[in-house]
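Worksheet for the structure shown next.
Just so it is clear, none of the values below were taken in a lab; they were calculated from the coordinates. Predicted, not measured: the structure shown is a model, and the values here were computed from it. Ideal geometry is used to build each Cβ from the backbone, glycine not excepted, and the neighbour counts take in all protein chains shown.
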Amino acid sequence: MSSNKQMNEQKDISKEIQEELEAISPNLAHISKQHPYKVPTGYFETLRSEASQIAKDMGVQRASVIRRLLTVRNVAAAACVIVIAMLVWMNNFKAPEEQLAEVSIDEMIEYLEEESAFGIDEYELVEELIDIESAGIDEEVQVAGPIVVLGDEITDEDIIEYLLEENIDLATIIDVLN
């Protein structure tokens, strides 16, 4: 008997819900409770065979070239190659000291002679070198003798000749200037 009582209670609740729905939205309450769509007879029995036939007719479609190339493995390999190439490229740069060591003294003299035509005065260059040496002699730079301030009677050619005779490395002069 308890099951009859529960069924009656459910019917009462269902009836209350229907009455409330009619009060809130009468149009919605009058919609038919039957499903408006119907499945053709035997539809599900033939569905599997029809789907299989359509798949066979379409054949196997290959992924595009771009999709095949963009697999995780290929992307990872390309990233490794790029990283290695960048490391090699970055390590090929030589320090300025190494590059300067590869330049011969004759090339340096030729460069300085060419540059003097573009506004670099040898006298000013030597004067700057003397000022730097006299201003801050440290442990790295050792002066062979006392620093002498040159007068106007010494020409640029005399200074260049002296530097060549004493085999003073142009790299040393540039290091002292910097």
Inset, instruction - Starting from the Cα gyration tensor of the stretch 39-107, multiply each eigenvalue by 5, take the square root, and state the resulting semi-axes largest first in whole Å. - result: 68, 10, 7
Legend entry - Qualifying trypsin sites (Lys or Arg not before Pro) for the stretch 1-89 [loop in DSSP, other Cβ within 10 Å: at most 12]: Lys33, Lys38, Arg62
Inset, instruction - Check each of the chymotrypsin sites (Phe, Trp or Tyr not before Pro) in the stretch 14-104 and keep only those in coil by DSSP with at most 10 other C-beta atoms within 10 angstrom; list them in order. - result: Tyr37, Phe93
Legend entry - Dipole magnitude (debye, nearest 20) for the stretch 2-58, charges at Cβ of Lys, Arg, Asp, Glu: 260
